[in-house]
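K.L.:
Quick one: the structure is below, questions incoming.
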Amino acid sequence: MAFQSDPSFVPTPPPGEDELPYDDGEPMESQRHRKQMELLIEVLELHWKDRDDVYVSGNMAIYFSELQAKKNDFRGPDVFVVLDTVRRERKSWVVWQEDGRTPDVVIELLSETTEKVDRTDKMRVYAKLLHVPEYYLFDPFSGVLEAYALDNATMSYVPVAPGANGDVASPRLHLGLGVRRGTYHNLEVGWLRWLDAEGRALPTGEEQARAAEQQARAAQDEAKLLAARLAEYEQRFGKLPGGEPR
């Protein structure tokens, strides 16, 4: 007897970001870990403020299979970047809702309690299941940065040698990564920073505001200097009838 499907049957759609847990359950290890995550995300969002085809986030659940979702088994990178997508608010990254898009770059911030997982389970998931092209590990306290690139033949990560100054390149983002000492949210340490082609750290919002303030102050100082010179000239040589110095 031939099988006949029930025309009234409607398959249940897989859960989406509104139904799935979006807290990855892994609190940041320390104040510095949290600030480092915020720094990396803030700077990229500022750098790409005029683009709507990129997504930057961190400490957010990434779901890549329905089975994984049913088991409540997911990974939450400390920082991740997705290109060729839509810049909008999300509760979690659900691959089957994102046309199969997975992160292009993942950064994990190492700690004593997470380092083993970051180097084993997470590295395997990012390579073999999510196929993340670039994977970075950074210890906020030791300042050690490691870069890995995905070998598409073996679907595993191979180390990428840093430059002479310890900086590494991110081919996917056309940016660099390196440690620069500075102050962020009143904490002065060596921070992992996104770098431009000349190796300069992309500015934070606070650094942009400070630079704008310095430029405004310099313009005011220059205007005062010109006014003082003009006054001195007028005092020595007087003015023309039209108000111009003679």
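The values are calculated or read from the model by the stated rules, or taken from the named source; none is laboratory data. A quick note: this is a predicted structure, and the numbers were derived from the prediction, not measured. Note that each Cβ is placed from the backbone with ideal geometry, even for glycine, and that neighbours are counted across all protein chains shown.
K.L.:
Looking at Thr102, is it of a type in the set (Ser, Thr, Tyr) and out of contact with any helix residue (DSSP H, G or I) (no Cβ under 9 Å at 6 or more places or on another chain)?
P.N.:
Values: of a type in the set (Ser, Thr, Tyr): yes; out of contact with any helix residue (DSSP H, G or I) (no Cβ under 9 Å at 6 or more places or on another chain): no.
Against the criterion (of a type in the set (Ser, Thr, Tyr) and out of contact with any helix residue (DSSP H, G or I) (no Cβ under 9 Å at 6 or more places or on another chain)), Thr102 does not qualify.
K.L.:
Hey, another quick one. Check region 61-71 and report whether any residue there is modelled with pLDDT of 95 or more, more than 28 Å from Ala164 (Cβ to Cβ) and touching a Phe, Trp or Tyr at 6+ places or on another chain (Cβ under 7 Å).
P.N.:
No: region 61-71 contains no residue that is modelled with pLDDT of 95 or more, more than 28 Å from Ala164 (Cβ to Cβ) and touching a Phe, Trp or Tyr at 6+ places or on another chain (Cβ under 7 Å).
K.L.:
In the set Val179, Val158, which member is buried (at least 17 other Cβ atoms within 10 Å of the Cβ) and either within 25 Å of Arg32 (Cβ to Cβ) or among the β-branched types (Val, Ile, Thr) (or both)?
P.N.:
Values: Val158 fails: buried (at least 17 other Cβ atoms within 10 Å of the Cβ).
Within the list Val179, Val158, the selection yields Val179.
Results for (1) free of Cβ contacts under 8 Å to residues at least 40 places away in the same chain; (2) of a type in the set (Phe, Trp, Tyr), shown as yes or no for each residue.
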{"residue": "Asp104", "(1), (2)": "no, no"}
{"residue": "Tyr126", "(1), (2)": "no, yes"}
{"residue": "His131", "(1), (2)": "yes, no"}
{"residue": "Leu137", "(1), (2)": "yes, no"}
{"residue": "Pro159", "(1), (2)": "yes, no"}
{"residue": "Gly163", "(1), (2)": "yes, no"}
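K.L.:
Does Thr102 fit the bill of being assigned by TED's automatic domain parsing to the domain that holds Leu39, modelled with pLDDT under 95 and either in contact with a Phe, Trp or Tyr (Cβ under 8 Å, 6 or more places away or on another chain) or not charged (D, E, K, R) (or both)?
P.N.:
Values: assigned by TED's automatic domain parsing to the domain that holds Leu39: yes; modelled with pLDDT under 95: no; either in contact with a Phe, Trp or Tyr (Cβ under 8 Å, 6 or more places away or on another chain) or not charged (D, E, K, R) (or both): yes.
So Thr102 fails the test.
Every residue, every condition in (1) more than 18 Å from the chain's Cα centre (by Cα); (2) surrounded by fewer than 18 Cβ atoms within 10 Å (Cβ to Cβ); (3) among the basic types (Lys, Arg), yes or no:
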site	(1), (2), (3)
Pro103	no, no, no
Lys128	yes, yes, yes
Leu137	no, no, no
Asn152	yes, yes, no
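K.L.:
Further question: What are the residue pairs meeting all of these: first residue in region 109-122, first residue under 17 Å from Gln36 (Cα atoms), second residue part of a helix (DSSP H, G or I), Cβ atoms under 8 Å, and 6 or more apart or on different chains?
P.N.:
Partner pairs satisfying both residue conditions: Leu109/His33; Leu109/Gln36; Leu109/Met37; Leu110/Asp118; Ser111/His33.
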